[in-house]
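Let me begin by presenting the structure, written as structure tokens, before commenting on it.
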Amino acid sequence: MSILRHPLVSLVLLLRFLRAVVVSGWQTVRVILRASGPGGERPPVGFVRIRFAPMSEQGAALLGCMISLTPGTTTIDIDMERHEMLLHMLDTTDVPAVVNGIRNDFERYLVILFGKGRA
């Protein structure tokens, strides 16, 4: 298994995931508090389709799980043929920043572990 062959990459991915959970959790709390406060300012909620790098089904599934376990975003569908995921986002005011975060925090390490052609 690739995770065992790349323990340092696996550790970095785990640490980045834990950091993303904490940061996203805080951002989600702020969104909820803003929406329930005076004026009820709610961010735009929506569905977003993003492309992901070629990787095995296991890597794509792990990416989808990591996205869903990070507060504020849920993976709805994974299309392996198109290398796309359909996400539901609690706040779509800055979709490029969220996608960039997914790529930098998760995807690049998952490609090392589960890139196309890996088991």
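The values are calculated or read from the model by the stated rules, or taken from the named source; none is laboratory data. Note that this is a predicted model, so its numbers are computed, not measured. Ideal geometry is used to build each Cβ from the backbone, glycine not excepted, and the neighbour counts take in all protein chains shown.
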Original post:
From Val48, Val31, which residue is within 22 Å of Ala97 (Cβ to Cβ) and part of a helix (DSSP H, G or I)?
Top reply: Val31
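A quick yes/no check of all residues on (1) in contact with a Leu (Cβ under 9 Å, 6 or more places away or on another chain); (2) at pLDDT 95 or above; (3) loosely packed, with under 13 Cβ neighbours inside 10 Å:
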| site | (1), (2), (3) |
| --- | --- |
| Pro7 | no, no, yes |
| Val22 | no, yes, yes |
| Gly37 | no, no, yes |
| Arg49 | yes, yes, yes |
| Phe52 | yes, yes, no |
| Leu63 | yes, yes, no |
| Ile67 | yes, yes, no |
| Leu86 | no, yes, no |
| Val111 | no, yes, no |
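May I ask you to list the residues in segment 79-119 that are in a loop (DSSP other than H, G, I, E, B) and farther than 19 Å from Leu8 by Cα?
Quick first cut of segment 79-119, residues in a loop (DSSP other than H, G, I, E, B) only: 80-83, 90-94, 116-119.
Across segment 79-119, the qualifying residues are Met80, Glu81, Arg82, His83, Leu90, Asp91, Thr92, Thr93, Asp94, Lys116, Gly117.
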**OP:** Name every residue in segment 77-119 that is of a type in the set (Lys, Arg) and closer than 19 Å to Arg49 by Cβ, in order of residue number.
**Re:** Arg82, Arg103
**OP:** List every residue pair whose Cβ atoms lie under 6 Å apart, where the two residues are 6 or more positions apart in sequence or sit on different chains, the first residue falls within segment 57-78 and is over 16 Å from Leu13 (Cβ atoms), and the second residue, located anywhere, is among the β-branched types (Val, Ile, Thr) and part of a helix (DSSP H, G or I).
**Re:** Pro71/Thr28; Gly72/Thr28; Thr73/Ile67; Thr75/Ile67
